[in-house]
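Rule-based calculations on the coordinates, nothing more; no lab input. Bear in mind that the values here come from a model prediction, so they are computed numbers and not experimental data. Heads up, the Cβs are rebuilt from the backbone with ideal geometry, glycines too, and the neighbour counts pull from every protein chain shown.
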Amino acid sequence: MVHTPSFVHLHNHSHYSLLDGHSRIEALVKTAQEMGMPAVALTDHGNMFGVVELYQECKKASAKAAENGLKPIKAIVGMEAFIAPEGKSMRTREKVDGEYGRHLLILAKNYQGYKNLMKLSSKAYLHGFYYRPRIDKDLLAQHSEGLILTSTDIGGEIPRLLLKGKTKEAYHLAGKYMDIVGKENFYFELQDHGLQEERLANPQIIEMAKEFGRPCVATNDIHYVHRADSKAHDILLCVQTGKKRADTNRLKFTNDQFYMKSPEEMAMVFRDFCPEALQTTLEIAERCDLEIPLGEYHFPYFPLPEGQDEESYFRELVYQGLHKRFGDPLTSEICARAEEELRVICKMGFVGYLLIVWDLIRHAREVGIPVGPGRGSAAGSIVTYALEITNLNPLQYDLLFERFINEGRNEMPDIDIDFCQARRTEMIEYAAQRYGQANVCQIITFGTFAAKGSIRDVGRVLDVPLPEVDRIAKTVPAVPGIKLIDALEESPDFRTIYNSNPVYRELIDVAMSIEGLVRHTGTHAAGVIIADRDVTEYAPLYKAPSEEMPCTQYDMKLIDPIGLLKVDFLGLQTLTVIQRAAELVQETTGEDLRMDQISFEDPEVYQVFSRGDTNGVFQFESDGMKKMLRQARPDRLEDLIALNAMYRPGPMGNISSFIRRKHGQEEVIYQHPDLEPILGSTYGVIVYQEQVMLLASKLAGFSLSEADKLRKAMGKKKKDIMAEYRALFLKGAKDRGYSDAIAIEVYDLIEKFAEYGFNKSHSAAYAYLAYQTAFLKAKYPTQFMAAVLTLDMGNTDKVAEYIEESKRMGLEVRGPDVNESGVGFAVPRDGEIRYALAAIKGVGARAMEELVRERQANGPYAGIFDLCERFDSKVINKTTLQNLIKAGAFDSFGTRSQHFAVAEKALAIGAARNRDRVVGQGTLFDLFGAAAEEEGTDSESPHELPPIPEWDSARLSEEEKEVLGFYFSHHPLDAYRGIVTQLSSHSMQTLTAVDEDGNPLLSETTGVTIGGLISAMKRTFTQKQQQMGIVQMQGLGNSICEAVAFPQTYEQYQEHLATERMVFLQGVVRLGLQGPSLVIDRVIPMEEARSKLVDYTLIDLTRVPDDKLRSVLEQIRSVCSINPGTSLLLLRLRTTEGAVAVVQGGDQYRITACEELEQLLNDLVGPGSITLVPRSYDPPPQKRNGRRNYPPRGSAVAVDSTPNQGG
């Protein structure tokens, strides 16, 4: 039904009026159009977050209007601004009569009005923020062209004055607004939601309008689209204010009338007073005619050398880079590739963009800021390689330019630049200095109510007990991006809860209503805008009070349509690790290590991967990754690229086939010989998007540009487009001489794998960095681990983990020392790492920087008194000094108890010395010291440490743990380090790891074996009064996990489940109320672990010289005969061809694993040659299928294979 236009809503809030608006913009437009309205406005509180979205939505709805039997609809862009109190500047941070400001409705008549609206909103955030972003009348006067104002709702200045009886002031103010925007652009606004204040104000507003000769305009203050949404809107208000719905003293709308009423409903509301105010809305809608130019790029101007244009200078830089990269002369292949890329880049108008990216990276390298090799599709370009934007040769790794820039795809290229995390801000500052402070900003993000989050928020407001809310949330399937409406279909548990209880039903209904609405703003982690002029010419700005640099009010998806250039400045810690390690290499060895010049074919480096020895190695640290690497035994960069690309949900299923084919255990089949050059590097498995494109090009004659479109269509499962491409592919293949059978088989294969295909350029860049970190770990382990520890020293768990890794590598990690430690982890000598001073809790990084600077300038400290005398109390205070003592930083001068006893005395002497130094006097201590030296006496010095006993080991450990965060010098598990490491199937971090929805990463069917110390034990009772236990387990790296022993298990093993006992636990991971826990099935005391858990013992004989191998084997057999048993012995040997093989020893090599035998074998073959391999734990069926009495669990998704640290 087509309505006769009779009304337009001009005062509307969307969900971008954060936690005050419930309306989705799509719903606003759809409902208004269905009601026959020719236009719809958006006037959110103080911001323009949604205006371009509204504009686009109206354009889309208008384009489809005819086919839907509707009329086009126009977007009216506006804002309900906050204006500072009369007579006050927006910069004044004070209230007047308890108010920080009042509402003012502003609409843009045209593009100039839109630009002025952007200026007003931007300056409100940048300069006028006080409780809310505010403008003032002076600013409004500066940016008034093209604007329409209304007297606004009862929150506006004019209605408030009228309600206070200040009629004269109200008239004066109305006149002032008319002077600012012109009388014809000011309207008197009327609203009637049934509020008493409106009934009092409206007659006075109508009278004012008559006096001024201006029309009234009717509006409804829309905060939700449908009347039924009022309940959900009320919940939003409670979330905003932190209140519960049952609270009586809270922000609350009086009734449910703040919805999008139909023209007929509005006519009913205004039938008895000022019905003509409805017609005024059509007049205003007619006057507002805005076209926002979209699709026009506003690249910044790149300063060029005199006499050159962009393209000539760009071409010159590219060819200079090509000669530098490839030498002279350039081959025809290189030149042809470069020319084709240059043609497309110039045609698409992206030269300026690439010059800016080149300039940023050039500057970073000039000032010593580490830059990544180039992630993402940009690595597929030989031009970016020549410009050193990327550092991977695309010809060597079959990377495609068309994956980066496709001339058939009218999209901006996207280059992600990785910078050293610690110096990313410097790069943003450089961009601002180079291209103009006002021309550079960051990008806003909008955090929305997710499925589980909305349940938790609504549950809090409805005062549903937290355990019940958690139980409901955890029945929502752990699928990224799942909607609650879909969860009701997919999860029987969730559906049962929904139907079981009216409170739960209401909770879920409201959660569904607010799901997807904007909850808060944030700043994009990487995106930086660089424009050709002030950004506010194209987008309004937002600035959070805590942030330095403003953001666009439009989020990422709108940046390209409005034509702004986005450059991703990513902070990557790995780059800083690499740089710091290289610096430590130079400091300790004098070697100038150039990481971009290392060999990528070093077998020693690939051994790091093959052993799964990848703690600290970029992208390959997880337990699942390690297991995959040990199976795959990569020996070239192509392997690392493929494994990195496949280790994701979906393509993970191809890993086992890839590995078997690599090692000749499965035949590599190519449907046609022409496929081998494309799929050879991945053994016939389609892994990359680039392979899909090359196959389409080779077999069907697609251009790479067309092939990229095919790839995108397949990835998005667009069936209609895929059907077209299938026909084109089969025809093209037939025309090129391939049989129908082969063409169909290959197309089906492509279709099967394209959905999971990964961008090879991206994976290659990550593999490049992974190799660099593994190179450092293999060649410079001390410096590398010191760098890794330094960069993670703010994370206690990571520090503990990497210290354990360092010890496992044979490095000595010594405690902090005031004369040897640095601010970060230091390398005083090869094989030794000194603990970082700044990693000690409560000492302050700046104080430690001063401490090191003073030591470097004036020599080592002679002791605690000397140190205190060289600083004032602003640098070294009591807490700092005591924490240094507890950490052992003065151990080289005496015991911790001695230093702790004199700490306050040392500070007092130091303070006195510093005071005297300021006034130029010596101290009594100086005099006593001089006299003692002169007379050669042994008089007692005030600097002596008292002869008192050291703290006992328990206090030493606890004090140290307090300031370091974990056991360092002594750990109760140290004696069992080897077997805990080798026989644990998972790290504790993996056990406790959860996905973004809070579900365990480990599958509930995965058997777990974990060794550690029981640091806490709580006995409790079930509802049937059966005793059970809750165990806190602590691992070697000081990580902690929770385990639960249900009654039957607890009864069987309670003698071993006691505090300070060292045990192995076996069980499965389940999701409890407090997160993942291990459900215990079996407890093995540490001393019985070898005999009960070891499957076989592996002896590495690859380092034994050939001429001694026979003798060593005889000795091994002799040693094994002392401890005969049933456990297998495997031998890793090097064949005469140099390959490595693992062989099983005969019956004479069967043993009973024990500590004494292990020590004998280590003595015989060499330390680190013995590996204990545990039996896999397979939980009983009842454990795999669930267990009664356990807290309800969520739907865990297994995204990790079952790793085994024992190898």
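Quick check on packing: order 131-138, 543-550, 981-988 by the mean number of other C-beta atoms within 10 Å, highest mean leading.
Working: 131-138: 20.0, 543-550: 13.8, 981-988: 24.5.
So the order, starting with the most tightly packed, is 981-988, 131-138, 543-550.
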With just the Cα atoms defining each centre, how far is the range 506-556 from the range 155-183? Give it in Å. 33
How much mean residue ellipticity at 222 nm does the chain get from its helices, if each DSSP H run of length 4 or more adds -39500 (n - 2.57) and you divide by all residues, to the nearest 500 deg cm²/dmol? -13500 deg cm²/dmol
Helix 25-34 sits off the longest principal axis of the Cα atoms of the chain, rounded to the nearest 10 on a 0 to 90 degree scale, by 30
So between LEU304 and ALA525, what do we pick up on full extension, going 0.36 nm a residue minus the alpha carbon distance? 76.5 nm
Restrict the search to the range 63-116; then list the trypsin sites (Lys or Arg not before Pro) that DSSP places in a loop and that have at most 15 other Cβ atoms within 10 Å of their Cβ. LYS64, ARG91, ARG93, LYS95
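Quickly rank 1108-1118, 772-782 as a protection proxy: mean count of other C-beta atoms within 10 Å, highest first.
On the way: 1108-1118: 13.7, 772-782: 23.0.
Final packing ranking: 772-782, 1108-1118.
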Phi to ³J(HN,Hα) by Karplus 6.51 cos²θ - 1.76 cosθ + 1.60 over the range 636-652, Hz, x for Gly, Pro: 7, 5, 4, 5, 5, 4, 5, 5, 5, 6, 7, 7, 8, x, x, x, 3
Compute the helix-to-body angle for 276-287: its Cα long axis versus the longest principal axis of the chain, expressed 0 to 90° and rounded to tens. 60
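What order do you get for SER23, SER1127 when you list them from fewest to most C-beta neighbours inside 10 Å? Mind showing how you got there, number by number?
On the way: SER23 28, SER1127 23.
With the sparsest Cβ surroundings first, the list reads SER1127, SER23.
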Taking the Cα centre of the range 780-964 as origin, sum charge times position over the Cβ atoms of Lys and Arg (+1) and Asp and Glu (-1), and report the length of that vector in debye to the nearest 20. 680
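What size of dipole, in debye to the nearest 20, comes out for the chain about its Cα centre when the only charges are +1 on Lys and Arg C-beta atoms and -1 on Asp and Glu C-beta atoms? Display every interim value, and only then the final one.
On the way: 136 positive and 167 negative charges, 555 e Å.
For this selection, approximately 2660 debye.
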Just in the range 280-332: which GluC sites (Glu not before Pro) are loop by DSSP and have at most 12 other Cβ atoms within 10 Å? GLU291, GLU296, GLU306
So what are the ³J(HN,Hα) numbers for the range 811-823, from phi and the Karplus equation (6.51, -1.76, 1.60; θ = phi - 60°), rounded to whole Hz, Gly and Pro as x? 8, 9, 9, 9, x, x, 8, 5, 9, 10, 6, x, 4
Could you pull out the trypsin sites (Lys or Arg not before Pro) across the range 686-771 that fall in loop regions by DSSP (anything but H, G, I, E, B) with no more than 14 other Cβ atoms inside 10 Å? LYS716, LYS717, LYS718, ARG736
Sum up the charges of everything whose Cβ sits under 9 Å from the Cβ of TYR606, counting Lys and Arg as +1 and Asp and Glu as -1, but leave TYR606 out. -3
What distance in nm lies between label points placed 7 Å from Cα along the C-beta direction at LYS841 and LYS60? 5.0
If all Cα-Cα distances of the chain are sorted into 10 Å bins from 0 onward, what percent lands in each bin, rounded to whole numbers? 2, 8, 13, 16, 19, 17, 13, 8, 3, 1, 0, 0
Just to be sure I understand the model, the point goes 7 Å from the Cα along the line to the Cβ. What's the resulting LEU126 to ARG93 distance in nm? 1.9
Between PHE600 and THR796, what length in nm is gained on full extension when 0.36 nm per residue of separation is reduced by their alpha carbon distance? 67.2 nm
Report, to the nearest 10°, how far helix 51-63 tilts away from the longest principal axis of the Cα atoms in the chain, using its own Cα long axis and a range of 0 to 90°. 70
The range 211-284 and the range 624-641: distance between their alpha carbon centers, rounded to Å: 62
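Could you work out how much longer the chain between ALA267 and VAL503 gets when fully extended? Use 0.36 nm per residue separation minus the Cα distance between them, nm to one decimal.
Details: separation 236, 0.36 × 236 = 84.96 nm, distance 3.78 nm.
Gain on stretching ALA267 to VAL503: 81.2 nm.
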Please work out the C-alpha center-to-center distance from the range 1135-1172 to the range 836-905 and express it in whole Å. 48
Applying 1/(1 + (r/R0)^6) with R0 = 30 Å to the Cβ-Cβ distance of GLU547 and ASP463, what FRET efficiency is obtained, to the nearest 0.05? 0.30
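Rounded to the nearest 0.05, what FRET efficiency is calculated for GLU854 and ARG325 with R0 set to 35 Å and r the Cβ-Cβ distance? Intermediate values should be presented prior to the final figure.
Values: r = 46 Å, r/R0 = 1.33.
Efficiency computed from Cβ-Cβ geometry: 0.15.
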Give me a comma-separated list of calculated 3J(HN,Hα) values for the range 832-848, in order, Karplus coefficients 6.51, -1.76, 1.60 applied at θ = phi - 60°, integers in Hz, x for any Gly or Pro. 10, 10, 9, 4, 6, 5, 6, 7, 7, 5, x, 9, x, 4, 5, 4, 6
Taking every DSSP beta bridge that has both residues in the chain, what percent is antiparallel when rounded to the nearest 5? 70
Using the basic label-point model (7 angstrom from Cα toward the beta carbon), what is the THR445 to SER969 distance in nanometres? 4.3
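What percent do you get for the relative contact order of the range 1094-1174 when only Cα pairs under 8 Å and 6+ apart count? Write out the running numbers ahead of the final one.
Values: 128 pairs, mean separation 35.2, N = 81.
It comes to 43 percent, rounded to a whole number.
Pop the C-beta distance of ARG915 and THR425 into the FRET formula with R0 = 35 Å and round what comes out to the nearest 0.05. Could you put the intermediate results ahead of the total?
Details: r = 39 Å, r/R0 = 1.12.
Efficiency, rounded to the nearest 0.05: 0.35.
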